[in-house]
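Input: a single structure, listed below in structure tokens.
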Amino acid sequence: DIGAALGDEADPGVDEDDLEELDEQVAAAHETIAAGRENGEFGYAALNLPEETDPTRIREAVEPVEDAAYVLTVGIGGSALGAKTVTAALADEPDRHVILDNVDPEHIERTLEGLPLEDTAINVVSKSGTTAETLANFLVVRAAYEDAGVDWTELTVVTTGESGPLAELVEEHDLPRLPVPDGVPGRFAALSSVGLVPPAILGVDIEGLLEGASAAADGLGPSLFDSPGYAYGAVCYALEEEGAAVNAVMPYAERLEYFAEWFAQLWAESLGKEGRGQTPARALGATDQHSQLQLYRAGPADKMVTVVRPQERADVQIPESEHDSLSYFAGADLGQLLDAEYDATVASLAEAGRPAVEIELDDLDAEGVGELLYAMEAATVLVGELADIETFTQPAVEWGKRAARGLLSGEETEETRTVAERPSYR
Ligand code: PA5
């Protein structure tokens with residue numbers, strides 16, 4: 001469900017009439033999106049993943065490592081965040097999934113020292129097969145396994161395209177390989193083999209996740225009032241037009257903390273183009289009520305806050321206390337307290353005339369998370385259509401990738417020349 005504390009009096013603000021007016025543009029955008037999906041066009045094809053991903057194929061590929069104590073994902077951006085979001089939200093033991101995305105040497109050393117390598121599956125993921133961080137980290141990981149006398153070939157599952165160094169490695173060592181889906185940018189690939197290998201190893205109900213996503217796909221239609229994903233995208237777009245340059249995403253569930261990070265990538269990399277795009281900020285309720293909320297309520301009026309919560313929570317009673325001053329806890333549980341914090345945040349923002357959009361999941365289960373991820377992808381695609389930008393490209397990211405490769409290889413390219421000539425104030 002999507003709800004919104006909106007109105008003309010909010011700043012920035014939109015009211016129902018604004019949304020009614022926008023609905024015509026949503027209908028036109030939906031037509032483009034539906035045609036793109038039908039023809040399997042680049043990017044739009046991502047919205048077909050719930051139907052096209054074959055969970056059985058993923059389960060078969062992970063069979064050799066399904067008893068591993070840990071899974072180490074070596075990948076970055078869209079090739080890591082989706083998987084981590086799903087395991088963090090749904091695995092019984094999410095800490096068994098470790099990701100190596102950054103190339104910070106201290107971090108990789110500490111990570112590898114802390115893992116029982118003989119019992120740790122490696123999931124190396126790169127759509128392009130050429131990303132420097134992923135390949136460098138993988139070479140370091142492989143060397144660590146070899147130094148420890150562990151046969152990494154027995155423990156590795158690769159997700160990559162048909163060609164490139166990773167595909168060659170698969171051939172050379174006869175490793176299980178899962179394909180990256182055609183026409184799907186990395187950040188839109190969570191609901192494919194790019195995002196589902198670690199969840200499958202950790203026993204997550206990936207079938208249920210895809211079913212939830214499928215239900216959200218079936219719900220897409222020509223009106224924002226009928227589909228939660230489009231409703232969210234349309235409200236964000238309308239608020240951005242009114243000056244909401246920042247979208248702070250604040251789940252009230254620890255299990256969704258990674259979701260905010262995944263969303264930030266999806267939103268920023270897809271929509272940050274042609275001088276527009278909201279800056280996604282990551283927050284966690286109730287923790288950030290004690291920090292960022294001050295800014296969201298009383299700082300510049302250039303933000304919207306997206307709060308997310310499940311309607312069902314585990315039941316952990318707050319024990320009775322001998323102190324009268326704590327009597328207000330009587331009979332309450334922690335979930336009630338967290339929900340009270342949530343309600344307080346929404347009310348506090350509304351009182352200050354700052355917009356808050358509420359996303360409520362029936363349950364934080366596989367279906368609910370599948371629906372949430374799909375809805376956010378649909379929202380992103382819709383905003384891209386409404387703003388008339390190229391949602392599915394990432395030229396700035398590609399520039400950085402080429403520059404990093406050029407700097408290491410010593411080859412002179414346009415990017416390396418720009419780096420050499422950059423103004424320096426050191
Ligand atoms: O969304 C994207 O395209 C990026 O975030 C990529 O997922 C990221 O750069 C990793 O790329 P690759 O999977 O090719 O290694």
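The values are calculated or read from the model by the stated rules, or taken from the named source; none is laboratory data. Because the structure is a prediction, the values reported are computed rather than measured. With ideal geometry, Cβ positions are generated from the backbone for all residues, glycine too; neighbour counts draw on all protein chains shown.
Which is surrounded by fewer than 22 Cβ atoms within 10 Å (Cβ to Cβ), of a type in the set (A, V, I, L, M) and free of Cβ contacts under 8 Å to residues at least 40 places away in the same chain, of 268, 245? Testing whether each residue is surrounded by fewer than 22 Cβ atoms within 10 Å (Cβ to Cβ), of a type in the set (A, V, I, L, M) and free of Cβ contacts under 8 Å to residues at least 40 places away in the same chain leaves just 268. Within the stretch 118-134, the residues that satisfy the criterion of being touching a helix residue (DSSP H, G or I) at 6+ places or on another chain (Cβ under 6 Å) and either charged (D, E, K, R) or surrounded by fewer than 20 Cβ atoms within 10 Å (Cβ to Cβ) (or both) are 127, 132.
The requirement of being within 16 Å of the ligand (Cβ to nearest atom) and either touching a Phe, Trp or Tyr at 6+ places or on another chain (Cβ under 9 Å) or in a helix (DSSP H, G or I) (or both) is fulfilled nowhere in the stretch 12-31; no residue meets it.
Pairs meeting the criteria (first residue in the stretch 155-166 and within 22 Å of residue 119 (Cα to Cα), second residue assigned to a loop (DSSP other than H, G, I, E, B) and not basic (Lys, Arg), beta carbons under 6 Å, at least 6 apart or on different chains) are 156/175; 157/176; 158/175.
Of the strands (runs of 3 or more DSSP E) lying entirely inside the stretch 210-314, those carrying at least 1 residues that are in contact with a Ser or Thr (Cβ under 8 Å, 6 or more places away or on another chain) are 246-251, 303-310. For residue 256, the conditions (1) free of Cβ contacts under 8 Å to residues at least 24 places away in the same chain; (2) more than 16 Å from the ligand (Cβ to nearest atom); (3) closer than 26 Å to residue 397 by Cα; (4) not β-branched (Val, Ile, Thr) are fulfilled apart from (1). Close contacts from the stretch 130-152, counting a first residue that is more than 16 Å from residue 170 (Cβ to Cβ) and modelled with pLDDT under 95 and a second that is buried (at least 16 other Cβ atoms within 10 Å of the Cβ) and among the charged types (D, E, K, R), with Cβ to Cβ under 6 Å and a gap of 6+ residues or different chains, come to 132/405.
The listed residues are 324, 343, 315, and the only one of them that is modelled with pLDDT under 95, over 23 Å from the mean Cα position of the chain (by Cα) and within 25 Å of residue 365 (Cβ to Cβ) turns out to be 315. Filtering the stretch 75-96 to residues that are surrounded by fewer than 24 Cβ atoms within 10 Å (Cβ to Cβ), touching a residue at least 24 places away in the same chain (Cβ under 8 Å) and at negative phi leaves 76, 88, 90, 91, 92, 93, 94, 96.
In the stretch 315-364, what residues are of a type in the set (Asp, Glu), assigned to a loop (DSSP other than H, G, I, E, B) and either buried (at least 16 other Cβ atoms within 10 Å of the Cβ) or without any contact (Cβ under 8 Å) to a residue 40 or more places away in the chain (or both)? Once the filter is applied, which keeps residues that are of a type in the set (Asp, Glu), assigned to a loop (DSSP other than H, G, I, E, B) and either buried (at least 16 other Cβ atoms within 10 Å of the Cβ) or without any contact (Cβ under 8 Å) to a residue 40 or more places away in the chain (or both), the stretch 315-364 yields 315, 320, 322.
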